[in-house]
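Shown next, in structure tokens, is the structure this report addresses.
The values are calculated or read from the model by the stated rules, or taken from the named source; none is laboratory data. Predicted model, so just to flag it, every value in this text is computed and none were measured. No Cβ is skipped: glycine too gets one built from the backbone with ideal geometry, and neighbour counts run over all protein chains shown.
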Amino acid sequence: MKAIRCDENFEKVIISEPLTIIPYEIEMHPLRSDYNLPAKDLSIQSEFAFQTRLGFWLSKLKRRQPERKYIYYLGATHHYFILFWANAMADYPFTIIHEIPPCGIRDYARSAEKLRDIIYELEDVDIIPLLKQPNFDQWIKKIGGYSNRKFWESIQLLQKAVAIPNSRADFSMESIKVTSIENFREGFETIYQILLEESQV
């Protein structure tokens, strides 16, 4: 992402589960090791709380900077999906200009250069690009997002509800089922369908 990462004119933040927003310049700061959580510390939990936190952040950003119109996104479909619905839940404070590398990591350099050019054209000459919305079907139907594994383990330990499992496989079974998977998916599809219809009005 060098074209974006190394351009000092851009304000950069990272969408990070479960921390929501990370200031790019201090992601690797030695005093903030929580900004670089290893994958082994993440476990499957609800995605909706994460989207709500991100929506609050977008609302606060708009209140503090009402002149800001656009947010630019570079990355995979998964986090764009989260950003899109968080923006929808916040009543669309921003227009999201996105660039999703078509072939994953191998296209990031080319996509970063493309997005850099789009940003300058839009900010300097007000040329708004034509964007194709990615297909959200697989993301709407998937189950859950990520949460902090160690945080959840600490809650379990404090409540003395269950013994702390030794393996990730064991930990994945430590959950309280409140509804069936079918009802869960149906509920999320209904929520996203309502938001999608509202976005097209």
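When residues in the range 73-101 are screened for being within 22 Å of residue 121 (Cα to Cα) and free of Cβ contacts under 8 Å to residues at least 60 places away in the same chain, 11 of them pass. Could you tell me whether any residue of the range 165-182 is at pLDDT 70 or above and among the hydrophobic types (A, V, I, L, M, F, W, C)? Yes, that holds for at least one residue. With respect to the stated conditions, residue 97 is among the hydrophobic types (A, V, I, L, M, F, W, C), out of contact with any His (no Cβ under 8 Å at 6 or more places or on another chain) and not in a helix (DSSP H, G or I). Just one of the numbered conditions (1) small (Gly, Ala, Ser); (2) crowded, with 17+ Cβ neighbours inside 10 Å; (3) closer than 30 Å to residue 182 by Cβ; (4) modelled with pLDDT of 75 or more is not true of residue 76: (2). Checking the structure you have, find out if any residue of the range 48-60 is over 19 Å from residue 22 (Cβ atoms) and of a type in the set (Ser, Thr, Tyr). Scanning the range 48-60 turns up no residue that is over 19 Å from residue 22 (Cβ atoms) and of a type in the set (Ser, Thr, Tyr).
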